[in-house]
Structure formats: C-alpha cells, structure tokens
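The structure under discussion appears below in the form of structure tokens.
The values are calculated or read from the model by the stated rules, or taken from the named source; none is laboratory data. On a predicted model such as this, the values are computed, not experimentally measured, just so you know. With ideal geometry, Cβ positions are generated from the backbone for all residues, glycine too; neighbour counts draw on all protein chains shown.
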Amino acid sequence: MNNFFLSFFISLLLCSYSLQASLSGIPGEIIAIKLNSNKNLNSYLTIEKDGHFYALVPMPFDKQGEYIKFQSESIFVTEKNFGESRITIENSSMVNLSKEDSERAFKESQLISNALKTYSQIYKSKLDFLKPVDGVISSRYGKKRFINELPRSPHLALDIAAPTGTTIIAPANGKIILTGNFFYSGNYLILDHGYGLLTSYSHLSVIEVSEGQLVKQGQKIGEVGTTGRVTGPHLHWTVYLNGTRINPESIIKENFLESIF
C-alpha cells in the first residue's frame with residue numbers, strides 16, 4: 001500500500017513538472033498565452049487565432065532560471081548563453097564619467113524610462129516588422145558586454161553597422177514620442193507602436209521626424225551616425241514590450257507570429 005501511494009505521489013509530481021515545463025520561453029523572446037476571457041483585451045498586445053485571443057508575453061532577460069507570472073499562469077524563463085562582446089572606447093571620459101556627465105546621464109535615463117511607460121491604443125501591431133536599416137549585424141541581443149575590459153550591462157539590443165548617412169526607416173507604423181540628444185545614445189528617438197510595443201533608435205547623425213508625428217511603415221525617420229558613445233557608425237536598435245527588452249532579430253523574421261504557436 002505504501003508503495004502504491006509513493007508511486008501515485010511521484011506520478012503527480014512528474015505530471016505537475018511536465019505541465020509547468022510546457023509553459024516556458026527563451027529570454028528575449030515572446031510567447032503567446034491563450035486568454036480564457038475576451039474581457040480586458042485592451043490591457044495587452046493580443047492576436048486572434050482560430051477564434052481565440054492570445055496575449056503576447058515577453059520573456060525577461062534578467063529572469064533566467066526563474067518563473068514569471070501572467071494572470072494565473074507560471075512561465076519558466078529558460079537559461080541561455082548569448083556569448084560576449086568586448087569593445088574599446090578611446091575617449092575614456094565616455095566610460096568613466098565625470099560628476100556632471102553622470103548627473104546628465106541619470107536625468108536622461110529618467111526621461112527615457114518615463115517615455116517607455118507609454119501605453120497607447122493608436123496602433124495595434126501585427127509584428128510584421130521591417131529591418132530598420134540596410135547593414136551588417138555587428139552585435140546581437142543578449143551578449144555580456146565588456147567596455148575597456150570592464151563588465152557592463154548586457155547588450156539587450158541589436159547593433160546594425162552601416163555607413164554614416166544610411167537611411168533608417170520605421171519598421172512599422174508608429175508615433176514619435178521622444179527625440180533628443182543624449183549622453184550615451186547621441187541623437188535618439190522612440191517610436192510608440194501601440195499596446196506596450198515601442199522601439200528606440202540611437203547614434204543617429206540626423207533625425208528626420210519630430211515628437212508627436214505619426215509615421216508609416218517604411219518611412220524615413222533618420223540616418224545612421226556616430227553620435228553618443230560609439231566605436232563606429234551603426235544603429236543601436238532596441239525593442240520593448242511592456243517594458244521588457246526583447247530580441248529585435250525575432251520580430252523581423254518572416255512569419256514571426258506563426259512561429260510562436
């Protein structure tokens with residue numbers, strides 16, 4: 001009898017583990033979670049498939065090896081080695097900041113953080129994004145970063161190298177919610193694509209749009225440059241969903257939404 005209950009208990013544990021393991025995602029990616037109710041659909045970026053609605057949920061890079069909660073679901077964020085990136089900045093004042101530059105960078109980070117909290121319903125993306133610039137990927141999402149041999153925050157964006165002046169386009173419809181010149185990012189802008197989906201663009205030589213402007217997919221928004229803290233001309237492109245930085249390479253893949261089911 002004891003052996004029976006022991007076997008039964010183990011079976012329950014294995015079943016529970018299997019159910020939990022089925023809800024998992026790679027850091028930086030998006031998974032689709034079926035919604036049990038059609039209420040509050042405007043609270044998330046959702047898609048409809050076969051008569052059901054699914055919320056698109058980002059997997060946070062900094063939650064690797066942990067569970068996150070979405071409604072009543074527990075989702076395991078798997079661990080992944082993204083490799084590392086080592087760069088050298090010749091201008092040491094851009095690495096070891098003065099008090100004045102540190103204060104400036106902090107104020108700018110607060111301004112950007114507040115902008116990234118935007119949650120509008122002006123557009124609803126189908127995540128059929130275009131690549132924003134024609135160039136070569138020089139640094140991928142998730143790499144551990146070392147600047148002048150000093151460890152820094154992971155690279156949660158996509159760097160695309162291209163000659164100064166190369167056209168940058170809006171990868172999808174959106175609204176410009178922030179532009180400016182920033183210590184780290186140089187000439188910089190943020191695009192709001194609706195329902196918690198935003199993208200940012202750093203190191204531009206020229207910004208071709210202004211705050212409050214609506215832009216269409218494929219429209220020119222700026223040009224590649226070397227402003228801010230850089231080692232050469234490139235676009236530093238970041239994609240956010242609900243405040244979580246996700247892998248930009250994923251959403252420019254053909255038929256991306258189909259791949260997450």
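Go over the candidates Phe106, Phe146 one by one and state the one that is in contact with a strand residue (DSSP E or B) (Cβ under 6 Å, 6 or more places away or on another chain) and within 18 Å of Ser185 (Cα to Cα).
Phe146
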Against the condition within 21 Å of Tyr201 (Cβ to Cβ), in a strand (DSSP E or B) and either free of Cβ contacts under 8 Å to residues at least 12 places away in the same chain or not β-branched (Val, Ile, Thr) (or both), how does Ser120 come out, does it pass?
no
Breaking point among (1) more than 26 Å from Met59 (Cβ to Cβ); (2) under 20 Å from the mean Cα position of the chain (by Cα); (3) not small (Gly, Ala, Ser), for Leu191
(1)
Which members of region 86-110 meet the condition of being under 24 Å from Leu198 (Cβ atoms) and surrounded by 13 or more Cβ atoms within 10 Å (Cβ to Cβ)?
Arg104, Ala105, Glu108, Ser109
Breaking point among (1) among the charged types (D, E, K, R); (2) in contact (Cβ under 8 Å) with a residue 24 or more places away in the chain; (3) not in a strand (DSSP E or B), for Glu258
(2)
Residue by residue through region 61-85, note down the ones that are over 16 Å from Ile260 (Cα atoms) and crowded, with 18+ Cβ neighbours inside 10 Å.
Phe61, Ser85
Of all residues in region 138-179 being at pLDDT below 95 and hydrophobic (A, V, I, L, M, F, W, C), which is surrounded by the most Cβ atoms within 10 Å (Cβ to Cβ)?
Ile147
Please enumerate the residues belonging to region 183-198 that are surrounded by fewer than 22 Cβ atoms within 10 Å (Cβ to Cβ) and either over 25 Å from Thr46 (Cα atoms) or among the β-branched types (Val, Ile, Thr) (or both).
Phe183, Tyr184, Gly186, Asn187
Looking across region 205-261 at residues that are within 21 Å of the chain's Cα centre (by Cα) and hydroxyl-bearing (Ser, Thr, Tyr), the single one that is surrounded by the fewest Cβ atoms within 10 Å (Cβ to Cβ) is Ser259
Subset of region 157-205 that is in contact with a Pro (Cβ under 6 Å, 6 or more places away or on another chain) and among the aliphatic types (A, V, I, L, M) - its residue that is nearest to Glu29 (Cα to Cα):
Leu158
